Amino acid sequence: MPISHSILSPNEKHPTWIDVVSSKTATMVLFGVLAVFIFLILLVPENKAGGILNGRFFTAAVAFFFINLGAVLYRRFYRETNLSRVMVGSMVMHASMSILLVGAILSAALRAESGILLTEGQTAPAGDLMPNRNLTLEKMDVVRNRRGDVLDLSARLFVRSVEKGEQRLECKVNHPARLSGAWLYLKRYGMSPCIQIVDVAGKVVFRSFVNFDLIVNKADFLELPELGIILKVQRMSKDDSNFRLSVKDETGKYKVSAPEIRRWAEFKVIRDPGFGFAAAGCAGVLGGMMLRVMPVLKRKREPSVVAP
Amino acid sequence: MTKIEIVFFWSAVAAYALAWIVSLSRAVFQKPAAVNPQGIVYAGVFFQTATVVIRVWESGHLPYLLAYENTLSLSLILMVSYLAAGHYSKKVGGDGFVRMFVLAAVLCLMGYGILQDTGVEPLTPPYRSGWLYLHVFFAWFSHAAYIVATGFAVLILVRRVDGERKAAWDKKAYQWILFGFVCHSFMLAAGSIWAHYLWGSWWSWDPIETWSLFTWLFYGFYLHLRKQFAVKKEILAALAVIGLIGILITFWGIQLWVESVHNMVYESGK
């Protein structure tokens with residue numbers, strides 16, 4: 001816990017930003033804010049606590065906590081007691097490891113994930129991790145080179161919620177979308193032709209978008225035992241949109257067609273309250289390590305003593 | 001792999017092999033050979049740099065996607081690290097031995113690389129990430145530093161010399177391990193952040209991740225032992241050699257035995 005000082009060192013006439021950040025007033029305000037947050041987290045239901053923990057204000061408060069802690073440590077143990085940079089670096093590095101471990105424990109205990117499968121144009125509730133939100137997959141964009149290798153992949157989404165109304169999101173590989181404290185990842189995608197089966201009388205007996213996975217597998221199947229039909233979808237090249245549909249109709253009474261083709265995508269919704277701590281711990285470890293190592297490098301630059 | 005790339009690659013291999021043979025003849029006959037091996041090493045580095053530049057031009061991305069590209073880049077950074085080690089350790093001696101050790105490692109790496117798929121693959125979306133570039137970049141530097149450090153450590157173990165010279169080699173091994181350790185830490189951090197943005201899990205206990213963490217802890221143990229306790233230089237040198245075995249298992253061993261997300265990188269495009 002940071003120890004605060006409001007007394008300036010005798011040589012200083014004006015307070016520096018370190019004095020301000022590590023002052024008693026700043027520390028008390030910070031603790032007050034953190035106490036309110038903790039109180040709120042205790043009050044709200046468990047599924048909403050993550051929203052507060054991952055919210056901007058809580059993140060800012062935690063960031064300010066570390067700035068305050070760093071400033072207080074700097075004043076108390078470095079400027080006022082003349083500790084060496086090596087010792088401070090070592091201290092920061094080892095203290096940050098504990099923050100990293102806290103992040104690991106939080107991730108292991110509280111990390112939650114769920115999945116959403118959507119076809120272009122389809123809307124579905126985002127689930128418990130993003131409560132009161134409906135997601136619509138507007139369009140999947142797949143950019144390929146001539147050989148059929150995927151160069152870019154993105155999903156354009158439309159989000160509807162009671163509090164925030166409507167908003168558009170883009171979710172790409174390596175660039176997950178951030179929504180109400182949770183992360184939305186694009187996991188898998190594929191082709192979804194609309195399969196329509198018509199009988200001899202012209203009546204539509206089956207019509208639905210069917211998700212085929214032709215990225216991992218070269219061929220995928222749809223079996224309709226009640227109609228005696230087996231559909232085989234086979235990828236003809238690396239590009240999964242280049243496929244062939246073959247029908248095995250035991251009765252010979254049906255006509256199968258695919259009047260429309262869309263894409264489907266599977267998304268992963270993740271809430272990880274430990275990531276922020278882990279990232280802060282990581283930054284602390286690396287920063288402390290650099291402080292710890294830099295004097296070694298500095299010593300090397302000193303000119304060597306030349307013998308008379 | 002274009003013809004020009006093949007020519008430069010094999011020119012680099014030939015130069016390194018020749019430098020190794022000249023260094024060996026110097027060590028065996030205790031007499032300086034007419035040819036300076038250091039000059040041949042510089043020629044090899046030039047050819048290898050040209051190979052890497054052609055590869056980048058040909059593929060349109062940094063060479064880190066396939067096993068061949070990884071070993072090519074790692075071996076170039078290893079050679080540059082060796083040249084830096086030579087620059088900083090002119091007075092401590094043992095340069096010939098470290099050169100032979102590093103050249104042997106580079107030849108093994110290049111030999112392994114050329115036996116893998118040498119085709120050119122485009123960067124697919126998972127590999128288009130700044131964090132991945134940092135992850136791989138620091139991995140190359142840390143592995144190269146550990147190999148150079150092990151060169152000095154082996155020197156301590158095999159040569160019978162006075163304590164002062166041993167202390168100088170021990171210091172060199174320590175400094176290179178420290179450099180490698182810092183790069184190793186950055187590698188782990190960048191890799192974790194990349195994994196978070198790609199999969200949503202910053203640490204998944206993947207076999208290569210776990211081994212990498214283990215070797216990081218091991219080198220951390222070495223550094224604490226070296227700094228805080230009066231441990232014999234031979235023991236520290238033996239630990240440095242064991243550490244490199246851990247790195248070899250991480251870099252090569254694991255992908256042969258078990259399924260790992262890192263295998264995906266090496267096998268992509270097949």
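The values are calculated or read from the model by the stated rules, or taken from the named source; none is laboratory data. All values derive from a computational prediction rather than experimental measurement. Note: ideal-geometry Cβ built from the backbone for every residue, glycine included; neighbour counts use all protein chains shown.
Values computed for the structure shown
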item	result
Selection within the stretch A:136-186 - within 19 Å of B:TYR127 (Cα to Cα), β-branched (Val, Ile, Thr) and part of a loop (DSSP other than H, G, I, E, B)	A:VAL173
Options A:ILE261, A:ILE270: the member that is part of a strand (DSSP E or B) and facing chain B (nearest Cβ under 9 Å)	A:ILE270
Test for A:VAL305: is it more than 12 Å from chain B (Cβ to nearest Cβ) and modelled with pLDDT under 80	yes
Of residues in the stretch B:116-146 being within 14 Å of chain A (Cβ to nearest Cβ), closer than 30 Å to B:VAL98 by Cβ and of a type outside the set (Phe, Trp, Tyr), the one surrounded by the most Cβ atoms within 10 Å (Cβ to Cβ)	B:SER142
Close pairs from the stretch A:143-155: first under 14 Å from A:LYS187 (Cβ atoms) and more than 8 Å from every other protein chain (Cβ to nearest Cβ), partner buried (at least 16 other Cβ atoms within 10 Å of the Cβ) and of a type in the set (Phe, Trp, Tyr), Cβ under 8 Å, at least 6 apart	A:ALA155/A:TYR189; A:ALA155/A:PHE267
Single residue of A:GLY181, A:GLY121 found to be surrounded by 15 or more Cβ atoms within 10 Å (Cβ to Cβ), more than 11 Å from every other protein chain (Cβ to nearest Cβ) and in contact (Cβ under 8 Å) with a residue 40 or more places away in the chain	A:GLY181
Tally of residues being within 14 Å of chain B (Cβ to nearest Cβ) and touching a Gly at 6+ places or on another chain (Cβ under 9 Å) across the stretch A:185-215	3
Residues being in contact (Cβ under 8 Å) with a residue 24 or more places away in the chain, outside any helix (DSSP H, G or I) and either touching a Leu at 6+ places or on another chain (Cβ under 6 Å) or not hydrophobic (A, V, I, L, M, F, W, C) (or both) - total across the stretch B:40-88	3
Residue in the stretch B:92-100 that is closer than 19 Å to B:ALA145 by Cβ, over 17 Å from the mean Cα position of the chain (by Cα) and without any contact (Cβ under 8 Å) to a residue 60 or more places away in the chain present	yes
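Per-residue answers, yes or no, for (1) in a loop (DSSP other than H, G, I, E, B); (2) within 11 Å of another protein chain (Cβ to nearest Cβ); (3) closer than 20 Å to A:SER96 by Cβ:
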{"position": "B:CYS183", "(1), (2), (3)": "no, yes, yes"}
{"position": "B:ILE193", "(1), (2), (3)": "no, yes, yes"}
{"position": "B:HIS196", "(1), (2), (3)": "no, yes, yes"}
{"position": "B:SER204", "(1), (2), (3)": "yes, yes, no"}
{"position": "B:LEU223", "(1), (2), (3)": "no, yes, yes"}
{"position": "B:LYS227", "(1), (2), (3)": "no, yes, yes"}
{"position": "B:LEU236", "(1), (2), (3)": "no, no, no"}
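The rows are residues; the columns are (1) at pLDDT 90 or above; (2) in contact with a helix residue (DSSP H, G or I) (Cβ under 9 Å, 6 or more places away or on another chain); (3) not aromatic (Phe, Trp, Tyr).
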| residue | (1), (2), (3) |
| --- | --- |
| A:GLY127 | no, no, yes |
| A:ARG133 | no, no, yes |
| A:ARG144 | no, no, yes |
| A:ARG147 | no, no, yes |
| A:ASP152 | no, yes, yes |
| A:GLU163 | no, no, yes |
| A:HIS175 | yes, yes, yes |
| A:MET191 | no, no, yes |
